[in-house]
Amino acid sequence: MKRYEWHPVHNTFGIEAKARVYVDYESVEELQSLLPQLAGERILHVGGGSNLLFTNDFDGVVLHSGIRGMEVVAEEAESVLVRVGAGEVWDDFVAYCLTQGWSGVENLSLIPGEVGASAVQNIGAYGVEAKDVIERVEAVSLLDGSRRTFTNADCQYGYRQSKFKREWRGQFAITHVVYRLSRQFVPQLDYGNIRTQLSTLRDDEVTPQAVRDAVISIRQAKLPDPLVQGNAGSFFMNPVVPREQFEQLQKDYPQIPHYNAPNGVKIPAGWLIEQCGWKGKALGKAAVHDRQALVLVNRGGATGADVLALSDTVCHDVKARFGIDIHPEVNVI
């Protein structure tokens, strides 16, 4: 266990923020032994910092999991269960699955962050979400140090949502996630540009690795590298509107892109933002990315307040033009 005072908190936005206390633990036992010392403290558990926007220093304790490891815990005829430490890099896990001949997460390639966050955020891309492969989640209560195991159903997953983000917010530290991966490859190609990217391949050449390569190529072409330009990936969630509202919008905007959703119609927030003229535009030291309007970027020296001001302005303009509320996907601290 490593403990620091007024230590910088890594975040992919490149915002300068420090925690009064920063602790990196490497096992469940280390975390449990630490918790009695933190009674009454304000606690923030972080992963890779890819979904955080700090508006101030954090006057409390930031915890980060260094729990690693990937192990097969059950094998079945058509699937395999893999238990993964919360501190593993998500994309390293995706790559590992493919080397083992397991599929189900290839569409989630190159999503930044760590494994623990996948179970909190229900990360998703190109028609696949983490909930599609999560079997169960292991956690430690930050209130009493007890170990808990939650089934997929317990977590009540929704679009970029889980009970860890709602009712259980700040109550648990995820230590391990158990995923069910498939031994039989069933490609998911109907979202985004994956099918177009793979159009030159024969059917037998469309493998999990080919899908991963296509997703990586698409993401690298339209999303900025956080090491070059600070960002948190997709800043906004795509709104889901009632079908009646969508049909009215479609009369005014016949080319509006959309996807069917269980409770309505999902509209790409990036398209809405672009229609409002924000793509590539800046407000102070924060800007909307010039290739993907869903992404807000730090042009250099931006504060969390700068990014938040841009976000609020963009949300206001989308609401004024389309009557649709869009909401940040990132956690504002």
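The values are calculated or read from the model by the stated rules, or taken from the named source; none is laboratory data. None of these values were measured; they are calculated from a predicted model. Cβ placement follows ideal geometry from the backbone for every residue including glycine, while neighbour counts extend to all protein chains displayed. Ligands, DNA and RNA are stripped out before the accessible areas are found, and what is left, the full protein with its side chains, is counted by its heavy atoms. Shrake-Rupley method; radii C 1.70, N 1.55, O 1.52, S 1.80 Å.
Those strands (runs of 3 or more DSSP E) of region 1-58 in which at least 1 residues are among the aromatic types (Phe, Trp, Tyr) and surrounded by 14 or more Cβ atoms within 10 Å (Cβ to Cβ), considering only elements entirely within it, cover 2-8, 18-25. Checking each residue in region 237-260 for being over 20 Å from Asn193 (Cβ atoms) and open to solvent by less than 20 Å² (accessible area, probe 1.4 Å) picks out Pro239, Val241, Phe246, Leu249.
Among residues of region 274-291 that are in contact (Cβ under 8 Å) with a residue 60 or more places away in the chain, those with a Cβ under 9 angstrom from a residue that is open to solvent by 50 Å² or more (accessible area, probe 1.4 Å) and among the polar types (S, T, N, Q), sequence gap 6+ or separate chain, pair up as His289/Gln229. Among the residues of region 245-271, how many are touching a residue at least 40 places away in the same chain (Cβ under 8 Å) and either over 18 Å from Leu294 (Cβ atoms) or hydrophobic (A, V, I, L, M, F, W, C) (or both)? Residues flagged as touching a residue at least 40 places away in the same chain (Cβ under 8 Å) and either over 18 Å from Leu294 (Cβ atoms) or hydrophobic (A, V, I, L, M, F, W, C) (or both) within region 245-271 amount to 5.
Here Pro268 meets each of (1) open to solvent by 40 Å² or more (accessible area, probe 1.4 Å); (2) within 23 Å of the chain's Cα centre (by Cα) with one exception, condition (1). Among the residues making up region 99-113, those that are more than 17 Å from Glu71 (Cβ to Cβ) and not in a loop (DSSP other than H, G, I, E, B) are Ser103, Glu106, Asn107, Leu108. Considering only region 70-94, state which residues are open to solvent by 10 Å² or more (accessible area, probe 1.4 Å), in a strand (DSSP E or B) and farther than 21 Å from Val128 by Cβ. Hits for region 70-94 are Glu71, Val72, Val73, Ala74, Glu75. For region 114-168, the set of residues classified as of a type in the set (Val, Ile, Thr) and either open to solvent by less than 20 Å² (accessible area, probe 1.4 Å) or assigned to a strand (DSSP E or B) (or both) consists of Val115, Val128, Val133, Ile134, Val137, Val140, Thr149, Thr151, listed by residue number.
To keep it simple, each residue is scored yes or no on (1) hydrophobic (A, V, I, L, M, F, W, C); (2) touching a residue at least 40 places away in the same chain (Cβ under 8 Å); (3) farther than 30 Å from Thr207 by Cα.
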| site | (1), (2), (3) |
| --- | --- |
| Arg3 | no, no, yes |
| Thr12 | no, yes, yes |
| Arg20 | no, yes, yes |
| Phe58 | yes, yes, yes |
| Met70 | yes, no, no |
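Only one of the numbered conditions (1) under 21 Å from the mean Cα position of the chain (by Cα); (2) loosely packed, with under 15 Cβ neighbours inside 10 Å is not met by Gly284, and that is (1). In region 299-328, the qualifying residues are those that are more than 22 Å from Leu249 (Cβ to Cβ) and touching a Lys or Arg at 6+ places or on another chain (Cβ under 7 Å), and the one that is least open to solvent (accessible area, probe 1.4 Å) is Ala302. Among the residues of region 206-223, is there at least one that is open to solvent by 60 Å² or more (accessible area, probe 1.4 Å), in contact with a helix residue (DSSP H, G or I) (Cβ under 8 Å, 6 or more places away or on another chain) and farther than 28 Å from Ile15 by Cα? The answer is yes, given that some residue of region 206-223 is open to solvent by 60 Å² or more (accessible area, probe 1.4 Å), in contact with a helix residue (DSSP H, G or I) (Cβ under 8 Å, 6 or more places away or on another chain) and farther than 28 Å from Ile15 by Cα.
Filtered by the rule that a residue be β-branched (Val, Ile, Thr) and either open to solvent by less than 20 Å² (accessible area, probe 1.4 Å) or farther than 16 Å from Ala210 by Cα (or both), region 95-113 gives Val105, Ile111.
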